Amino acid sequence: MPYPTKTHYSEHFTRRELDCHCGCDAPPHVEAELAKTALELEKLRALVGMPLHINSGYRCPAYNKRIGGAPKSQHMQGKAADVSARCSPSYVAQAAEKVPAFDNGGICRYAGFTHVDRRGYRARWEG
């Protein structure tokens, strides 16, 4: 089945779980980026070997500001996701290094989740 569909960006990642938590609609250009991010998350899911839970996907600028997100957060472009799994954030981060879009993007381990993004240049930091 070709993706995105009305309900999913990819086989395992729904629009609902990647959309902004405030309930707003993502602009069309952001939806296109979310679809690309979901395809990369599929690769990460396969490498991790278990389902990924999306803690945060797209954030509209207002929601990003409200939660104290970085002013130029990749989440606002639909290029980032904070994910967790039934394994350590370090394990997810190590797997993300094997996904070219994330290896050439941002990866950060936080206490209970891993941030990954497709920014187009390598960035690493500790949360």
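Restricting to segment 1-44, and then to whatever is among the aliphatic types (A, V, I, L, M) and in a loop (DSSP other than H, G, I, E, B), can you tell me which residue is modelled with the highest pLDDT?
Only one residue fits best here, namely 26.
Identify, please: which residue in segment 6-31 is of a type in the set (Gly, Ala, Ser) and within 22 Å of residue 119 (Cα to Cα) and is, among those, nearest to the chain's Cα centre (by Cα)?
It comes out as 10.
Considering only segment 67-100, state which residues are over 19 Å from residue 36 (Cα atoms), part of a strand (DSSP E or B) and out of contact with any Leu (no Cβ under 9 Å at 6 or more places or on another chain).
87
Output the qualifying pairs, or none if there are none: Cβ atoms under 8 angstrom, residues six or more apart or on different chains, first residue in segment 6-32 and more than 17 Å from residue 65 (Cα to Cα) and in contact (Cβ under 8 Å) with a residue 60 or more places away in the chain, second residue of a type in the set (Val, Ile, Thr) and surrounded by 18 or more Cβ atoms within 10 Å (Cβ to Cβ).
18/37; 18/54
Taking residue 59, is it out of contact with any helix residue (DSSP H, G or I) (no Cβ under 6 Å at 6 or more places or on another chain) and over 15 Å from residue 14 (Cα atoms)?
Details: out of contact with any helix residue (DSSP H, G or I) (no Cβ under 6 Å at 6 or more places or on another chain): no; over 15 Å from residue 14 (Cα atoms): yes.
No, not satisfied.
If I ask for residues that are of a type in the set (A, V, I, L, M) and surrounded by 18 or more Cβ atoms within 10 Å (Cβ to Cβ), which ones from segment 40-91 would you list? Walk me through how you get there before you give the answer.
To start, the set of residues in segment 40-91 that are of a type in the set (A, V, I, L, M) comprises 41, 44, 46-48, 50, 52, 54, 62, 67, 70, 76, 80-81, 83, 85.
Selection gives 41, 44, 48, 52, 54, 76, 80, 81, 83, 85.
Taking segment 63-116 as the region of interest, how many residues are free of Cβ contacts under 8 Å to residues at least 12 places away in the same chain and closer than 15 Å to residue 41 by Cβ?
Looking only at that region, the number is 2.
Is it true that residue 85 is closer than 20 Å to residue 127 by Cβ and at pLDDT below 95? Let's see the steps before the verdict.
Numbers: closer than 20 Å to residue 127 by Cβ: yes; at pLDDT below 95: no.
It is false that residue 85 is closer than 20 Å to residue 127 by Cβ and at pLDDT below 95.
Condition first: surrounded by 20 or more Cβ atoms within 10 Å (Cβ to Cβ), more than 21 Å from residue 33 (Cα to Cα) and not hydrophobic (A, V, I, L, M, F, W, C). Now tell me which residues in segment 101-127 satisfy that. Let's see the steps before the verdict.
Taking segment 101-127 first, the residues surrounded by 20 or more Cβ atoms within 10 Å (Cβ to Cβ) are 101-102, 105-107, 109, 113-118.
So of that shortlist, the ones also more than 21 Å from residue 33 (Cα to Cα) come out as 109, 113.
Result: 109, single match.
Return yes or no: is residue 48 aliphatic (A, V, I, L, M), farther than 14 Å from residue 10 by Cβ and under 14 Å from the mean Cα position of the chain (by Cα)?
Numbers: aliphatic (A, V, I, L, M): yes; farther than 14 Å from residue 10 by Cβ: yes; under 14 Å from the mean Cα position of the chain (by Cα): no.
So residue 48 fails the test.
The values are calculated or read from the model by the stated rules, or taken from the named source; none is laboratory data. Every value quoted in this text rests on a predicted model; they were computed, and no experiment measured them. Virtual Cβ from ideal backbone geometry, glycine too; neighbours counted across all protein chains shown.
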